1. Taking Cα atoms, how many degrees apart are the long axis of helix 59-73 and the longest axis of the chain, rounded to 10 and kept between 0 and 90?
2. By how many degrees, between 0 and 90 and to the nearest 10, does the Cα long axis of helix 162-173 differ from the longest principal axis of the chain?
3. Just going by the charge dipole of the chain, with Lys and Arg at +1 and Asp and Glu at -1 on Cβ, which of S142, N192, P49 is farthest out on the positive end?
4. Mind listing the phi-derived Karplus ³J(HN,Hα) values for segment 50-56, rounded to whole Hz, using 6.51, -1.76 and 1.60 with θ = phi - 60°, and x for any glycine or proline?
5. Under 5 Å between amide hydrogens, which residues at least 5 positions from A446 or on another chain qualify, with H placed 1.01 Å from N in the peptide plane?
6. Name the long-range amide H neighbours of A186: under 5 Å, sequence gap of 5 or more, or other chain; modelled H, no Pro or chain starts.
7. Can you give the extra length, in nm with one decimal, that the chain gains between A186 and Q329 once fully stretched, where that is 0.36 nm per residue apart less the Cα-Cα distance?
8. What are the residues whose amide H is under 5 Å from the amide H of A438, where those residues sit 5 or more places off or on another chain and H is modelled from the backbone?
Amino acid sequence: MKNIGVLFIASLVLLGVLAWQLLSSTAPQPAAGPAPAPGDAPVASSGNPLTAFVAASNRAVFEALRKDYEAAYNTPIEVQYGPSQTLLSSIEVSGSGDLYLPADDSYLDIAAGKGLIKERLPLATMQAVAVVAKGNPKKVQSLADLEREDVKLVQADPDAAAIGKQTREMLQAANKWDSLKARTTAFKTTVNDVANDVKIGSADVGIIYDAVAATYPDLEIVRIPELQPVTANVAVAVTASTKQPTRALHLARYLAAVDKGLVKYREFGFTPVQGDVWAETPDVLVYAGSMLRPAVEETFKEFETREGVKVTRVYNGCGILVAQMKAGQQPDAYFACDSEFMNEVQDLFQPRADVSQNELVIIVPKGNKHNIATLKDLSKPGLRVGVGHEKQCAMGWLTQRTLVEGGVKDEVMSNVTVQTPTGDMLVNQIKTGSLDAAVAYISNAAGSGDTLDAIRIQGLQCAIAVQPLAVAKSTKHPQLMERLAERLKSAESKSQFLSFGFSWKSDAPVFGGALPTDAGKAADSKPAEDK
């Protein structure tokens, strides 16, 4: 009986466990959140450390930021400190590393010339000063005092450290370097070595950056008038050899953020530049004319992937976009179809850059059965003609001006059956047989050479539209937007534009040149009877 009782109790326990498991498996579960977008995942998810080559002048501030970043993102950062030139040589020889942070961006210019870096992000500036022991016992006040026989001067090596190189260049230009060099007791490897020599009394005075001097409370700064022009522009760059560019850019953006890294830079005696507001995954808004979409869309996607950011694109007729901006909407950048539509809102933006140009053409079905050769031919009786809407897009405004300049506006407009906000709409209506001809951009017909012909509008310079790009004054991400603008102006972007029938503004052909004749593009077309 005793055994039976034990078995009975055990059975009850087992039934209870099974019931609990059943209830647990059928109870409502919290809904899974959406999969993280690119760039939302923790930057340390790969487990690999980031490697930074950092100038000795930035050591104190970088160590503070390194500690904060590692704690916030669980990302180990391996750092090599040293003279800027030595670090540059290490990157070149080893082909390794993720970030390069020299004391002055002149080293980034050298690195860029050698193809060693990609993106660069400005951080701060430093000013060259003399440092002496507290109380300035040698009463150093001027460059002449540095050359006195009773003053022991130390400097950083001009061939290795930024401060040494900049001092030499400035004084050579003033014919004052040779005498100061002769009075220099020693040239040290780094700016910190110079400061330490003065601190321990091995030297009376040294030339260093004010930001470095701020980390030595036992030293006193003396601002020498002749050294005032010596200013270092501090910036960090992503190396071309990095295997983890998105994570490297995440750290670089953290360093350059006005409410993250630049706070520390100010605390450590630097003068910060204008930085971006920090965001784990920035989301920026770009307005762009519809006709630009095929030429820029791939660039936007590549930029998002590499930077780990979100670029929200709004494509529309520029008249519509301008109206939205005048009504108070604020994009971070605007890429206009024509300069006139940038002029209307230029006060909202930084200075523009003219990137590309596009040409108005007459687009007809393949074969050009109506023998259209000029704008005047669009007034032939019975033709169904489409144009852009004058108030909604740059193409429509430009078309009206071209018709006026050509002296055919009234007769051509009498045949217009549709006015649209984009050229793509006109092309689609030609393809479906709803239109016999349309005035649109050559880029609108790109990729449709098998079904459409494009006829150049001869002799009217006004048929050319220039596409300007500008970053908004109000953007919270000025550095990010400048990098996007540079990407849109790059050689890779140029290839995209050319492939869609645009010409590049910096090397645009002389007006009247041939239209694209690639198999995949709309070709220069003559009337059927002339072929």
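Derivation of every value follows stated rules applied to the coordinates shown; laboratory data play no part. The structure presented is a predicted model; accordingly, all values stated were derived computationally and were not measured. Note that each Cβ is placed from the backbone with ideal geometry, even for glycine, and that neighbours are counted across all protein chains shown.
1. The angle comes out near 60 degrees.
2. Between the helix axis and the principal axis of the chain, the angle is about 80 degrees.
3. P49
4. Listing the rounded values in order: 9, 10, 10, 9, 10, 4, 4 Hz.
5. A522
6. Q155
7. Taking A186 through Q329 to full extension adds about 45.5 nm, to one decimal.
8. Residues meeting the amide H criterion: I363, G386.
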